[in-house]
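Only one structure is covered here, and it is reproduced in the block below.
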Amino acid sequence: MRIKLLLAVALAMFSTNSEAADREKPKEQFLCVSEQAAGFSYDKNSKQWASTKFSSTEKYVISKSTGAKAAFEITEVGDKYSSGWCKEGFSSEGILYCELLYGVFRFNKTNGRFIRTHLFGYVEVGQAQIFSERGDVVIDSNANTPYMQIGKCSPF
């Protein structure tokens, strides 16, 4: 009887320690908030491209990927689907390198900074159409503007 009681106490302690250790492990999930954005926009009056500053209110979630082809995913807050994938995990310097549908996303978990590019729109002008999940997008205009965002990420 005494042995059973000691065994039950030991198992309870192991279970409690295991749960505490799981709670202490970082989830490696981050919320990224853009702070500034700049790029190029087409001025219809002058018919030229010019550098410009954009409003920057986007938020992104970096989370472990549910698929086997990537280590992490990037999802814009409010979107149903991921728009970026990071094939590898963090580098030895703490940097995550990710590919987006139309650009790149880099994040340094040591200093919390990220940079995101949107490279679609300038080079593709003159192409007939490109298909996206939202439907056919005509790119025979100067409507799409390439830009770069910077901001900070925090674990949650």
Notebook entry, point to check: Does the stretch 31-47 hold any residues that are of a type in the set (S, T, N, Q), farther than 26 Å from Trp85 by Cβ and surrounded by 10 or more Cβ atoms within 10 Å (Cβ to Cβ), and which are they?
Noted result: Ser41
Note to self: Please go through the stretch 32-62 and give me each residue that is closer than 13 Å to Lys152 by Cβ, assigned to a strand (DSSP E or B) and not small (Gly, Ala, Ser), ordered by number.
What the structure shows: Cys32, Val33, Glu35, Gln36, Lys59, Tyr60, Ile62
Notebook entry, point to check: Can you name every residue in the stretch 58-84 that is under 12 Å from Leu100 (Cα atoms) and of a type in the set (D, E, K, R)?
Noted result: Glu73, Glu76
Check: Pick from the stretch 141-156 the residues that are polar (S, T, N, Q) and either under 14 Å from the mean Cα position of the chain (by Cα) or surrounded by fewer than 15 Cβ atoms within 10 Å (Cβ to Cβ) (or both): which of them is modelled with the lowest pLDDT?
Finding: Ser141
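The values are calculated or read from the model by the stated rules, or taken from the named source; none is laboratory data. None of the values given here were measured: they were computed from a predicted structure. Heads up, the Cβs are rebuilt from the backbone with ideal geometry, glycines too, and the neighbour counts pull from every protein chain shown.
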